[in-house]
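Taking it in order: structure first as structure tokens, then the write-up.
The values are calculated or read from the model by the stated rules, or taken from the named source; none is laboratory data. Bear in mind that the values here come from a model prediction, so they are computed numbers and not experimental data. Virtual Cβ from ideal backbone geometry, glycine too; neighbours counted across all protein chains shown. We work out accessible area using only protein heavy atoms, side chains counted, and drop any ligands, DNA or RNA first. Shrake-Rupley method; radii C 1.70, N 1.55, O 1.52, S 1.80 Å.
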Amino acid sequence: MINNSYTANTNTFSSPTTHEIYTNTYVGDKVRIALAPTAVSPVYQTAGSVGSDLSCLDRVALMPNQPVMVDTGVSIALPQGTAGLVYLRSSLALQGIVLCNGVGVIDPDYRGNIKMLLMNTCATTIVFNKGDRLAQLVITPVITPQFTVMTELDSTNRASGGFGSTGIS
């Protein structure tokens, strides 16, 4: 089992089983963004929030079972060693809205507007107005190790047990 760790003070990832070090270039707690003229800046709603709210740039109507690309009007310059993860707000899931790809991934070299592909699973049209909060952006450190092809991997108690292998509940 690989137990990767992240040390905030040194901004270094280490993988004790391979002794390889992955240096993260993220320094500090500020990330540069650009906003379209009428876009709403991402906002953390509470001091303990992990995700900052992303709002829709324009009014959008979600017809039943029709995926719609929704623009936030926010572009971001993520530091190397980080990724932006876009999650749907849980209150929208209660209304039958889904983020089609589950979680959006923003790479540190992407500079376009953050967009999300939403779908309404209900029988009636749902309308969101300009500025409505739809998703949350979580910025997290990542590692991008090199892959080594092996003829076999080390054994574990679980082995190749997948879905349901540890029980149903």
Determine the gain in length on full extension of the stretch Val31-Ser165; use 0.36 nm per residue of separation and subtract their C-alpha separation, reporting nm with one decimal. 44.1 nm
Averaged per residue, what accessible surface does the stretch 25-79 expose to a 1.4 Å probe, in Å²? 58 Å²
Please list, by residue number, every one of the trypsin sites (Lys or Arg not before Pro) in the stretch 33-123 that is coil in DSSP and has at most 13 other beta-carbon atoms within 10 Å. Arg59, Arg111
Over all directions, the average projected area of the alpha-carbon convex hull for the stretch 65-169 comes to how many nm²? 10.5 nm²
Expressed as a percent, the accessible surface of the stretch 32-147 that is carbon or sulfur, using a 1.4 Å probe and the full set of protein chains, is 56 percent
Around Leu57, with a cut-off of 15 angstrom between Cβ atoms, what is the net charge of the other residues, counting Lys and Arg +1 and Asp and Glu -1? 0
Take the alpha carbon atoms of the stretch 38-110, find their center, do the same for the stretch 138-169, and report the distance between the two centers in whole angstrom. 28 Å
Label Gln95 and Lys130 with points 7 Å out from Cα along Cα→Cβ: what is the distance between them in nm? 1.8 nm
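Roughly speaking, what is the stretch gain from Val50 to Asn157, that is 0.36 nm per residue apart minus the C-alpha to C-alpha distance, in nm to one decimal?
35.1 nm
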